[in-house]
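Novice: My structure is below; once you've seen it, I'll send some questions.
What follows is calculated from the coordinates using simple rules that are stated; it is not laboratory data. The shown structure was predicted, so the numbers you read here are calculated from the model rather than taken from an experiment. Quick reminder, even Gly has a Cβ in these numbers, built from the backbone with ideal geometry, and neighbours come from all protein chains shown.
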Ligand code: SER
């Protein structure tokens with residue numbers, strides 16, 4: 001099953017069950033200063049959940065463009081290192097605005113996973129909210145999973161960190177129930193510690209879908225003090241990472257090996273005249289470049305520019321992390337990143353026609369940033385390297401640099417702070 005098929009099967013399944021297929025909203029959040037980027041499928045429906053806006057439908061399904069870099073949900077530093085973190089990803093979701101609630105949300109999820117995608121139920125695990133002083137345990141969800149077909153011992157309870165979802169410090173929120181998929185050899189192995197295992201970050205289990213039972217609006221009543229008010233009507237917000245579901249269905253260990261991302265990595269490898277080997281510094285850099293090219297292409301297409309503040313600065317960091325890694329680890333000397341972004345346009349324009357419409361603009365903006373950053377890199381990196389070498393511990397190879405010497409590099413040579421950060425983190429150096 002291709003990634004494109006995974007996306008269309010999801011949307012068509014929910015359309016068949018009375019959901020309107022709604023277009024992804026742009027990555028630039030409309031009228032929401034609390035957000036840097038659109039980071040979840042529910043963002044465009046926030047006011048509908050709150051009862052401040054009505055639509056002519058009560059059920060919707062989307063494949064939403066998301067960026068999680070900066071703000072409450074920030075994965076930037078993990079990208080390239082782990083099997084499943086991205087800056088840009090697509091989130092599949094189904095939504096109910098005061099229409100169906102927990103029972104149908106759970107039934108739909110089971111039906112789609114087991115009967116449409118034909119996932120082996122023996123490999124599925126479920127988690128629900130364990131309860132705390134503010135919101136009680138979601139025992140109802142346990143019973144509903146059992147009713148849908150899950151063995152009771154596969155429904156586990158976890159706390160707020162894992163099973164209570166909120167978009168930011170304020171806004172609609174509620175207890176959630178995650179679905180995890182076991183990728184290992186033997187799904188019935190009794191030997192492992194199930195709770196830790198299912199909820200761990202290991203590459204053997206992957207969270208594939210989060211069902212949020214939206215019930216509350218979290219509001220700030222005094223600085224740092226919040227209260228939960230019930231929403232006008234209990235609602236549903238779900239999110240399944242397309243890249244993760246595709247990885248599971250294609251039987252590959254990482255999202256980067258799916259047909260949604262691998263062709264971009266292969267393009268980068270070919271451009272660099274190298275072979276992609278996952279477990280190398282070059283492999284890491286290729287993943288970073290491929291991931292960041294997606295975020296860059298989609299962000300610029302949606303009107304976000306690299307700049308010095310807020311989301312513009314986050315985009316600049318993403319672009320510079322990619323350009324730095326391409327030059328440092330893949331041997332690119334001149335401008336290369338805009339070519340990767342052009343490939344992303346060609347590769348994804350059928351699902352997202354706005355990319356083609358913005359092609360020349362995207363190319364121009366990326367080249368401009370590459371040119372500007374390239375000049376800084378050549379001089380600045382040499383100075384940073386000299387500084388690292390002068391402060392290196394011979395035994396460990398790690399340097400400890402003073403903040404004032406770094407500030408001087410910034411003042412004198414304009415070496416960007418985020419670049420210093422990338423170089424120092426990757427070299428495991430530290431700052432006093
Ligand atoms: N909003 C939830 C999430 O992002 C479900 O869509 O995980």
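Novice: Where is the GNM fluctuation largest for the chain (alpha-carbon springs, 10 angstrom cutoff): 360, 404, 63?
Specialist: Checking each option, the largest mean-square fluctuation is seen for 404.
Novice: Something else about it: Rounded to the nearest 10 degrees, what's the angle between the helix 359-390 long axis and the longest principal axis of the chain, both from Cα atoms, 0 to 90?
Specialist: For 359-390 against the chain, the angle is about 60 degrees.
Novice: Rank by packing, highest mean first: peptides 116-123, 206-213, with packing defined as the count of other Cβ atoms within 10 Å averaged across residues. Before the final figure, lay out each step's value.
Specialist: Values: 116-123: 14.0, 206-213: 23.6.
Highest mean packing first, the order is 206-213, 116-123.
Novice: Still on this model: For a test of the definition: using alpha carbon positions, the gyration tensor, and the 1.5 limit on a/c, classify the stretch 7-97 as rounded, prolate or oblate. Please list the in-between numbers first.
Specialist: Details: a/c = 2.97, a/b = 1.40, b/c = 2.12.
Here the stretch 7-97 falls in the oblate category.
Novice: Tell me what the chain gives for mean residue ellipticity at 222 nm when only DSSP H runs of n ≥ 4 count, each as -39,500 (n - 2.57), the sum divided by the residue total, rounded to 500 deg cm²/dmol. Numbers along the way, then the final one.
Specialist: Values: 15 runs with 178 residues, N = 432.
After summing the helix terms and dividing by residue count, I get -13000 deg cm²/dmol.
Novice: With a point put 7 Å past each Cα toward its Cβ, work out how far residue 386 is from residue 402 in nm, to one decimal.
Specialist: Computed distance between label sites residue 386 and residue 402 equals 1.7 nm.
Novice: Take the Cα gyration tensor of the chain, multiply each eigenvalue by 5, square-root it, and list the three semi-axes largest first, rounded to whole angstrom. Walk me through the numbers on the way to the answer.
Specialist: Working: eigenvalues 292, 112, 108 Å².
For the chain, the ellipsoid semi-axes come out as 38, 24, 23 Å.
Novice: While we're on this one: Could you check the spin-label model distance between residue 5 and residue 152? Points 7 Å from the Cα along Cα→Cβ, value in nm.
Specialist: It works out to 3.9 nm between the two label points.
Novice: Along the Cα→Cβ direction, 7 angstrom out, place labels at residue 82 and residue 32. What is the inter-label distance in nm?
Specialist: It is 2.1 nm.
Novice: Something else now. Taking only Cα atoms, what is the 0 to 90° angle, nearest 10, from helix 403-413's long axis to the longest principal axis of the chain?
Specialist: Roughly 70 degrees, rounded to the nearest 10.
Novice: Using only Cα atoms, find the angle between the long axis of helix 139-148 and the longest principal axis of the chain, and express it within 0 to 90 degrees, rounded to the nearest 10.
Specialist: 80
Novice: In a GNM of the chain with a 10 Å cut-off on Cα contacts, which of 275, 143, 220 has the highest mean-square fluctuation?
Specialist: 220
Novice: Now, a different point. Counting each pair of different Cα atoms once, what's the Kirkwood radius of the stretch 1-152 in Å, rounded to one decimal? Walk me through the numbers on the way to the answer.
Specialist: Values: mean 1/r = 0.0574 Å⁻¹.
This gives a value of 17.4 Å.
Novice: So, one more: Compute the distribution of all C-alpha to C-alpha distances in the stretch 312-391, in bins of 5 Å from 0, and list the percent of pairs in each, rounded to whole numbers.
Specialist: With 5 Å bins starting at 0, P(r) equals 3, 14, 21, 21, 17, 10, 5, 3, 3, 1, 0.
Novice: Using 0.36 nm per residue, how much length does the chain from residue 118 to residue 357 gain when fully extended, once their Cα-Cα distance is taken away? All intermediate terms of the calculation are to be shown ahead of the outcome.
Specialist: On the way: separation 239, 0.36 × 239 = 86.04 nm, distance 3.68 nm.
Here the segment from residue 118 to residue 357 would lengthen by 82.4 nm.
Novice: Continuing with the same structure: Full-extension gain between residue 379 and residue 160, please, as 0.36 nm times their residue separation minus the C-alpha to C-alpha distance. Can you show the working numbers first?
Specialist: Values: separation 219, 0.36 × 219 = 78.84 nm, distance 4.72 nm.
Contour length minus Cα-Cα distance gives 74.1 nm.
Novice: Return the tail of the calculated pair distribution for the stretch 286-432, meaning the percent of Cα-Cα pairs more than 19 Å apart.
Specialist: Numbers: 5784 of 10731 pairs.
Roughly 54 percent, once rounded to a whole number.
Novice: Whole angstrom only: what separates the Cα centroid of the stretch 82-149 from the Cα centroid of the stretch 337-378?
Specialist: That distance is 37 Å.
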